[in-house]
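K.L.:
Here's a structure for you.
The values are calculated or read from the model by the stated rules, or taken from the named source; none is laboratory data. All of these numbers come straight from a predicted model, not from anything done at the bench. For neighbour counting, all protein chains shown are included, and Cβ atoms are generated from backbone atoms with ideal geometry for every residue, glycine included.
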Amino acid sequence: MRYDSLLARGANRLIRCKKKKTDYHSAYGGCTVRFSGFWIALVCATALFAPAQEDAERAVQSKIIALEKAWNQAYKSGDHRALDRILDDQVVLINDDGTVQTKGEFLASVKKSNAQEQQVAPESMSVHVFGNTAISTGVFRAKGVDGGKPYVRRERFVDTWVYKGGNWVCVATNATPVLR
């Protein structure tokens, strides 16, 4: 069978072997060489995107940590507007005593001059990113005065963040007292 008739019928592809100066025809119609080239290109592209993905994940982690700190500061100062932006409208807040609050109930409980809370700060925090969801875990410390008596309490928290409408918002939070 002549090569030009193969090409004319479109049944197979031919690759000219440069080393042997002969025509080469693989069992897959010359796809072996093209397939190898595809895999090489795919591996190279993957190698280029892996660092970019890690950088994007680090950026999200930094953003969530900044939002956690902003949340603590807004709570301490009684900044309802900042808290409203940080918390999703459907947020589920589980307090350290096991009670559940809606966003409205939580905002109503935050006082404008929350002078009893002298300090609210994270002691440790880590953020795990899963696409458009991030889970923040850690321990925060609250120091203040309640009924004229000073207190220091530590709580372990788990906050779930979702990227919605171009912003990261907290959709669920839970705090548990650290007794030891």
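K.L.:
Need at least 1 residues that are small (Gly, Ala, Ser) and in contact with a strand residue (DSSP E or B) (Cβ under 6 Å, 6 or more places away or on another chain) per element, so show me which strands (runs of 3 or more DSSP E) inside the stretch 115-180 make the cut, counting only ones lying wholly within it.
P.N.:
Once the strands (runs of 3 or more DSSP E) in the stretch 115-180 are filtered for at least 1 residues that are small (Gly, Ala, Ser) and in contact with a strand residue (DSSP E or B) (Cβ under 6 Å, 6 or more places away or on another chain), what remains is 117-130, 133-146, 167-177.
K.L.:
Looking at the stretch 79-88, can you tell me whether even one residue there is modelled with pLDDT under 90 and either within 18 Å of the chain's Cα centre (by Cα) or assigned to a loop (DSSP other than H, G, I, E, B) (or both)?
P.N.:
no
One line per residue, one yes/no per condition, for (1) surrounded by 14 or more Cβ atoms within 10 Å (Cβ to Cβ); (2) touching a residue at least 40 places away in the same chain (Cβ under 8 Å); (3) touching a helix residue (DSSP H, G or I) at 6+ places or on another chain (Cβ under 8 Å):
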site: 91; (1), (2), (3): yes, yes, yes
site: 97; (1), (2), (3): no, no, no
site: 121; (1), (2), (3): no, yes, yes
site: 127; (1), (2), (3): yes, yes, yes
site: 161; (1), (2), (3): yes, yes, yes
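K.L.:
Still on this structure: What is the residue count in the stretch 108-129 for residues that are among the acidic types (Asp, Glu) and modelled with pLDDT of 75 or more?
P.N.:
1
K.L.:
Of all residues in the stretch 99-113, how many are touching a helix residue (DSSP H, G or I) at 6+ places or on another chain (Cβ under 9 Å) and either among the basic types (Lys, Arg) or surrounded by 16 or more Cβ atoms within 10 Å (Cβ to Cβ) (or both)?
P.N.:
Total meeting the criteria: 5.
K.L.:
If you don't mind, another one. Taking the criterion of being surrounded by 10 or more Cβ atoms within 10 Å (Cβ to Cβ), modelled with pLDDT of 95 or more and in contact with a strand residue (DSSP E or B) (Cβ under 9 Å, 6 or more places away or on another chain), would at least one residue in the stretch 45-58 satisfy it?
P.N.:
Looking through the stretch 45-58, none of the residues is surrounded by 10 or more Cβ atoms within 10 Å (Cβ to Cβ), modelled with pLDDT of 95 or more and in contact with a strand residue (DSSP E or B) (Cβ under 9 Å, 6 or more places away or on another chain).
K.L.:
Filtering the stretch 122-157 down to residues that are hydrophobic (A, V, I, L, M, F, W, C) and under 17 Å from residue 75 (Cα atoms), which residue is nearest to the chain's Cα centre (by Cα)?
P.N.:
157
K.L.:
Could you run through the stretch 143-180 and say how many residues are of a type in the set (A, V, I, L, M, F, W, C) and under 16 Å from residue 83 (Cβ atoms)?
P.N.:
Of the residues in that region, 8 qualify.
K.L.:
Looking at (1) over 22 Å from the mean Cα position of the chain (by Cα); (2) within 27 Å of residue 55 (Cβ to Cβ), which is the one condition that is false for residue 164?
P.N.:
Of (1) over 22 Å from the mean Cα position of the chain (by Cα); (2) within 27 Å of residue 55 (Cβ to Cβ), only one is false for residue 164: (1).
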